[in-house]
């Protein structure tokens, strides 16, 4: 590295241009897997392209990403494989794209899941976010389309949001590459354990359901002491999700 | 892990499921929304409530209205095509000047000076090089204009509105409303359109979308339509409005393609692919000002060059084949002449000719090379001297010269109209056929999707020819 500073930015931890190498489609020998989830048309593919240097086709219409795209980047000598999941509004139904997204987060065991949300439509986007936080405890919220939010006079208190969700929140305008360096840095802090997530768990659950869930969760945790998503599994069992029952029997959930 | 314990857990969950009743799913969903509302209340502040959403809504009210929705769609399509037709002219003739009139002769004389045998220089320079040069000269300018404009519209957020406008028509024809999106992709490239059908969940509706995508005029066929319409349709009216007439003819063909798409979808959904129409949510995304230069750049690099590269890859061997069949003689007739003469009878019945049919066989790999092949073969059989000899694909400096050749080849207005129809209704190119196979994993449907349009093309051109001759 040539140690000639061009600006004071380069002394900041968040600025690490030299540490980032976009690896394109070369994803062999990676150290970490990063999943990219989010509602349709929130700019997942744009974030994906910004991180990997690939030029996956982007477009302003929901459901544009039909194939699971994979790419890689290297940051501070650690290699990351990035998987762009199809955009979904929820993980509770059984359509093909929702199952693909859910299965990857559940069985693909990504080291961190980056949830890309539209800052203009945060409330609606949180539906998916809260579901993902039940499944995994390592996540980063990428608050995308901040430029539009600014134009719409929407201001978001990132600290409060981060505290409420229990995961780091990074504001970004991926189209203009804003916030991408911070996002990369935050990803690396989560996978390396510098940031510990304490994800929000769904609260406003009716009393009778909460009691049932508690009972089941206790039983599940007795059997699998280190499982991060016992409560979510309980939800799915109560729903009668055949795939989860099968996965549980075959021990695929641990 | 203890299997008995797991069975107990599942047993317990079954028991609890009965206790909590069957609104569990709804209750859970409501809890999530309640949580989301709480969180947002604490962290999000909206001032001056939703002014821009209202602007979006106002635009949407116009572009998706019953009265203006369709006219606006056709207007936009018309403008895009118009700019493509007008704008592509100059760079096209410039490229032709360089690649065909300057480089080609110097390659030939260079080959002669190193005493390259005639068959080798013919094969390489008159076959492979000319085919590639022609495709670049004719394809690159319209694509470099059409694709960026299309991508700008896509980035702006107009495509979902098109889907919204067309949804009802697709539903009536028993197909999925998202087919409007895959149809739009097909206007760029049918292979891309076929891949895009993955956004359709129902296998039945997806198959319909795959089979009928070929009715979207792809970008390999736009230049053919534009050229033939300019020569033959434009000539019917005073020259002041001739390019407008040509434009309307091309839009007419594109619309006819959509009519066929609806009709074939309807027939399929009533016969072999019966089933319910599935409902879906179509989110109209906010309008976003496209990042102009970035969009231009990426659509040039990603779309234009990739499609061009594909055309070049297919044109090179096709050029070689054309040169070979024009220069290999069986008896005293070249293979090309022999094939043309044997297709002539069938071609006449369809209001086409043997040259066109042979050109479509040679051009199965890529629709882009249909016109140069037709020109070359026409020169070959009529024996007129405009070209550069057997098996040489060439570009003619002016549209007039092209018209002269085609007219010398016995072309009439009927030939032109039927060529435009046949260009719309024929088998997909080999890339698309392969893509259909990869997506459907079914030889049966691949064959059907490939053969059905040709059969339709035969029927339509046959009927048009018979009526034309009856009335003329």
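Rounded to a whole number of µm²/s, how large is the Stokes-Einstein D of the stretch B:1-46 at 10 °C and 1.306 mPa s, given Rh as the Kirkwood radius over C-alpha pairs? Estimated diffusion coefficient is 119 µm²/s.
Please report the antiparallel percentage of DSSP beta bridges with both residues in the protein assembly as shown, rounded to the nearest 5. If I count the DSSP bridges inside the protein assembly as shown, around 45 percent turn out antiparallel. Using the Cβ-Cβ distance between residue B:413 and residue B:58 with R0 = 60 Å, the FRET efficiency computed as 1/(1 + (r/R0)^6) comes to roughly 0.85. Measuring nothing but alpha carbons in the stretch B:117-262 and taking Rh as the Kirkwood radius, the Rg to Rh ratio lands at 1.08. Convex hull volume per residue, computed on the Cα atoms of the stretch B:250-334, equals 248 Å³. Taken as Cα centroids, the stretch A:153-212 and the stretch A:227-254 sit 24 Å apart, rounded to the nearest whole angstrom. Beta-bridge orientation, the stretch A:111-213: approximately 10 percent antiparallel, per DSSP, counting only bridges with both partners inside. If R0 equals 35 Å, the separation of the Cβ atoms of residue B:332 and residue B:471 corresponds to a calculated FRET efficiency of about 0.30. By the beta-carbon count within 10 Å of each Cβ, the least crowded to most crowded order of B:292, B:164, B:346, B:187, fewest first, is B:292, B:346, B:164, B:187. What the pair-distance distribution of the stretch A:95-187 shows, using all Cα-Cα distances binned every 10 Å from zero, is 16, 48, 30, 5 percent. Overall dimensions of the protein assembly as shown, expressed as equivalent-ellipsoid semi-axes from the Cα gyration tensor (√(5λ), whole Å, largest first), are 55, 29, 25. Taking Cα pairs under 8 Å and at least six residues apart, what relative contact order does chain B come out at, in percent? For chain B, the relative contact order is 18 percent. Rg over Rh for the stretch A:212-254 works out to 0.92, using Cα positions for both radii and the Kirkwood form for Rh.
In the protein assembly as shown, helices alone account for a calculated mean residue ellipticity at 222 nm of -18500 deg cm²/dmol, with every DSSP H run of four or more residues adding -39,500 (n - 2.57).
Checking the a/c ratio against 1.5 first, then a/b against b/c, what shape does the Cα gyration tensor give for the stretch B:197-295? Taking the square roots of the gyration eigenvalues as a ≥ b ≥ c, the stretch B:197-295 is oblate.
Cβ-to-Cβ counts within 10 Å put B:441, B:171 in ascending order as B:441, B:171, the fewest first. Compared with the alpha-carbon gap, the fully stretched path from residue B:70 to residue B:120 is longer by 12.5 nm at 0.36 nm per residue.
Calculation over all alpha carbon pairs of the stretch B:234-375 in 5 angstrom steps from 0 returns a P(r) of 2, 7, 8, 9, 12, 15, 15, 13, 9, 5, 3, 1, 0, 0 percent. Once you divide the Cα radius of gyration of the stretch B:116-177 by 2.2 N^0.38 Å, the number left is 2.05.
Using the Cα coordinates of chain B, the gyration tensor eigenvalues translate into equivalent-ellipsoid semi-axes of 49, 26, 24 Å, sorted from longest to shortest. Sorted ascending by nearby beta carbons within 10 Å, beginning with the fewest, A:232, B:119 become B:119, A:232.
Classify the stretch A:110-254 from the C-alpha gyration tensor, please: rounded if a/c falls under 1.5, else prolate or oblate depending on whether a/b exceeds b/c. It is prolate, given that a/c is not under 1.5 and a/b is the larger ratio.
Averaging 1/r over every pair of different alpha carbons in the stretch B:54-208 and inverting the result gives a Kirkwood radius of 18.9 Å. Pull out a ≥ b ≥ c, the square roots of the eigenvalues of the alpha-carbon gyration tensor of the stretch B:1-142, then state rounded if a/c is under 1.5, prolate if not and a/b is larger than b/c, and oblate in the remaining case. Oblate shape, in that a/c is at least 1.5 and b/c is the bigger or equal ratio. Fully extending the segment from residue A:29 to residue A:192 would add 57.0 nm, taking 0.36 nm per residue of separation and subtracting the current Cα-Cα distance.
Percent of Cα-Cα pairs per 10 Å bin, from 0 to the last occupied bin, for the stretch B:63-114, please list those. Bin by bin from 0 Å, the calculated values are 21, 23, 19, 15, 12, 7, 3. Applying 0.36 nm per residue to the separation of residue B:280 and residue B:83 and subtracting their alpha-carbon distance, the gain on full extension is 67.4 nm. Relative to one another, the C-alpha centroids of the stretch B:132-194 and the stretch B:83-107 are positioned 27 Å apart.
Bear in mind these aren't lab numbers, they're just calculated from the coordinates by the rules spelled out. Predicted model only: the values in this text are computed from it and were never measured. Every residue, glycine among them, receives a Cβ derived from its backbone with ideal geometry; neighbour counts consider all protein chains shown.
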